[in-house]
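Structure, as C-alpha cells:
The values are calculated or read from the model by the stated rules, or taken from the named source; none is laboratory data. These figures come from a predicted structure and were not determined experimentally. Note that we place each Cβ from the backbone using ideal geometry, even for glycine, and neighbour counts take in every protein chain shown. Keep in mind that these areas ignore ligands, DNA and RNA; they rest on the heavy atoms of the full protein, side chains included. Shrake-Rupley method; radii C 1.70, N 1.55, O 1.52, S 1.80 Å.
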Amino acid sequence: MKFSLIAAVVVLALAQGSFAQDVTDLDRLGQFFEEMKNRVTQELTQIVSNPDFANHAQNIQTQLEPIATKMKEQLKSVGANIEEQIKPMASGMQAQIQPMFEQFQKQVEAIFQTMTDQARAIGN
C-alpha cells in the first residue's frame, strides 16, 4: 500500500513536471509569434513609409490608367453590340405579346362589366 502510494506521488510529480515543461514551451511559442508579429508590422511600416514605395505605386497607377481606359472603351463597344442584337428581339417579342395583352385586357374588361351589371341587378 505504501509502495503504491509512493509510486502514485512520483508519477504525479513527473506529470506535473511534464506539464510545467509544456507551459514553458507554449510561453516561448507565444513569445516567438508576438516577436514575429512586431517584426512584420515594423517592416511593413518601413516599406509603406519609404518614398520609393510611393513613387513605385504612382508609376503603377500611371501605367494602369491607359489600360483601364482601353478596357472601358471596349466594354462600351461590347455593350453597344449587345444592345444592337437585343433590340430587334425585344421588338419582335413585343409585337408577339401586344395582341395577347390586348386580348387579355378585353377579357378583364368584359369580366368587370359583367360583375358591375350583376351588382346593379342585385342592388335593384
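Values computed for the structure shown
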| item | result |
| --- | --- |
| Inter-probe distance in nm under a simple model that places probes 7 Å from Cα toward Cβ, at Ile47 and Ile122 | 7.9 |
| Length released on extending from Thr62 to Glu35, taking residue separation times 0.36 nm less the Cα-Cα span | 6.0 nm |
| Residues of type aspartates and glutamates that Lys70 reaches as a straight line, Cα spacing below 12 Å, ignoring anything fewer than 8 places off in the same chain | none |
| Per residue accessible area in Å² of region 54-124, where ligands, DNA and RNA are left out and the probe is 1.4 Å | 93 |
